[in-house]
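Student: Provided herewith is a single structure, encoded as structure tokens, for subsequent inquiry.
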Amino acid sequence: MPSSPSDVLVTNAGRSSASTITTDMETGSHELTVSGYSGSIGLMGVGKAITSPAFSVGGHSWCILYYPDGGSEESTDWISVYLQLGNQVSDSNVLAQIRFSLLDQMGEPVPSYTVTSDKKDLSAITTHSWGWPKFIKRKELEESPHIEGDSFRISCHVTVFKIRVEETPVQFPATAPSTDLHRNLGDLLESKVGADVKLRVGQETFWAHRCVLAARSPVFKAELFGWMKEKKTAEVRIVDMEPRAFGAMLHFIYTDSLPEIDEGDRRVMAQHLLVMADRYRLERLKMICEDMLRNYIDTTTVATTLALAEQHGCRHLKERCLNFFRNPGNKMAVTATDGFEHLMSSFPSLVKDLLSKVAPLILELHRGRDSKLFLCTWK
């Protein structure tokens, strides 16, 4: 007997339970032969059935009701067929579906005379029988090749469905603990165990592991193992780097996170880290720094931040700065800052595009204030 289980897990207020829904299905059929067909016409009368012997499918008793004169006054020209359930069913989880077919001389169902019911709840069948009052017209049957020697056959196919719901033990999948890799690597950096490269930044020295640096940064990989590698000296010098920011970058390389940074230092630290992330091609760190700097854009910082974004290819940070500058209330205040003077000298074409719509105002502001520097951007 085929079945189709389905597991349901219910969780409520920290308590868990489980159940299994299983649908069992059993099929069977009964073939009824009507011999001496012509003699049965008019013999019983309308609404009178000839009952087949009982047969069993799905643990229930069934029989076919054959009405040669029709099952009602509306079907007197038809042959009616019904299936009758022989026992009471109280379980609403038991359903059945039936199919009647006229059989041809080879015993195969005739498609044009095959009918199938919906699935019915057996506990809800009040008359204990259901079928087709107009199964086939008597005239059509008598003129068809399916009746031979005053005899024809009907097949009734029954499918019984039983739905079972059972409680089942709760089985929880094994949950693996979260990875300790970043914490373990952080401990390795702090302990210096196995460190094989000394990095000199300004007056400070940092110990690290060549393999970790190479795995995280393609630039470190080339410097330590590739064609750019330095001779295996006791010390590698890192120039143009602020030691505290370099230490924060090392922490990120090992742990994929930044150390705690005081709020007052966050903007400056983010600027240093962005430069280093770009230099060592640490793309995730670069994106984190961009996001940090977006929170510190105001009239005093936007020009410096825009120059930094332009220099290091930070598209999203640059767009945020440009949007801030396009606000009419910010333009005049920004152009009066030293950062804007640096922006003009470093990226004149960017400033030219930026100020093309507000040139008269900016020229007026800078009249008498190093105007030669500003005007050179328009040549």
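The values are calculated or read from the model by the stated rules, or taken from the named source; none is laboratory data. Owing to the predicted nature of the structure, the values given are computational and were not obtained by experimental measurement. Heads up, the Cβs are rebuilt from the backbone with ideal geometry, glycines too, and the neighbour counts pull from every protein chain shown.
Student: Let me confirm something: among 33, 22, which residue is among the polar types (S, T, N, Q), over 16 Å from residue 141 (Cβ atoms) and in a strand (DSSP E or B)?
Tutor: On the way: 33 fails: over 16 Å from residue 141 (Cβ atoms).
So the residue among 33, 22 that is among the polar types (S, T, N, Q), over 16 Å from residue 141 (Cβ atoms) and in a strand (DSSP E or B) is 22.
Student: Give the number of residues within the stretch 70-88 that are part of a loop (DSSP other than H, G, I, E, B) and either under 20 Å from residue 99 (Cβ atoms) or among the basic types (Lys, Arg) (or both). First the steps, then the outcome.
Tutor: Keep residues of the stretch 70-88 that are part of a loop (DSSP other than H, G, I, E, B), which gives 70-72, 76-77, 86-88.
Now restrict to residues that are either under 20 Å from residue 99 (Cβ atoms) or among the basic types (Lys, Arg) (or both): 71, 86.
Total satisfying the criteria: 2.
Student: Please go through (1) in a loop (DSSP other than H, G, I, E, B); (2) free of Cβ contacts under 8 Å to residues at least 24 places away in the same chain; (3) under 37 Å from the mean Cα position of the chain (by Cα) for residue 226 and return the number of the only condition it doesn't satisfy.
Tutor: (3)
Student: A further question follows. In the set 57, 46, 94, which member is under 16 Å from residue 157 (Cα atoms), surrounded by 12 or more Cβ atoms within 10 Å (Cβ to Cβ) and assigned by TED's automatic domain parsing to the domain that holds residue 163? Can you show your working first?
Tutor: Working: 46 fails: under 16 Å from residue 157 (Cα atoms); 94 fails: under 16 Å from residue 157 (Cα atoms).
Just a single option satisfies the conditions, and that option is 57.
Student: Can you pull out the residues in the stretch 252-272 that are under 16 Å from residue 213 (Cβ atoms) and buried (at least 17 other Cβ atoms within 10 Å of the Cβ)? Reasoning before the result, please.
Tutor: Within the stretch 252-272, the subset under 16 Å from residue 213 (Cβ atoms) is 252-256.
Hits for the stretch 252-272 are 252, 253, 254, 255.
Student: For the list (1) closer than 24 Å to residue 25 by Cβ; (2) buried (at least 21 other Cβ atoms within 10 Å of the Cβ), I need the number of the one condition that residue 87 fails.
Tutor: (2)
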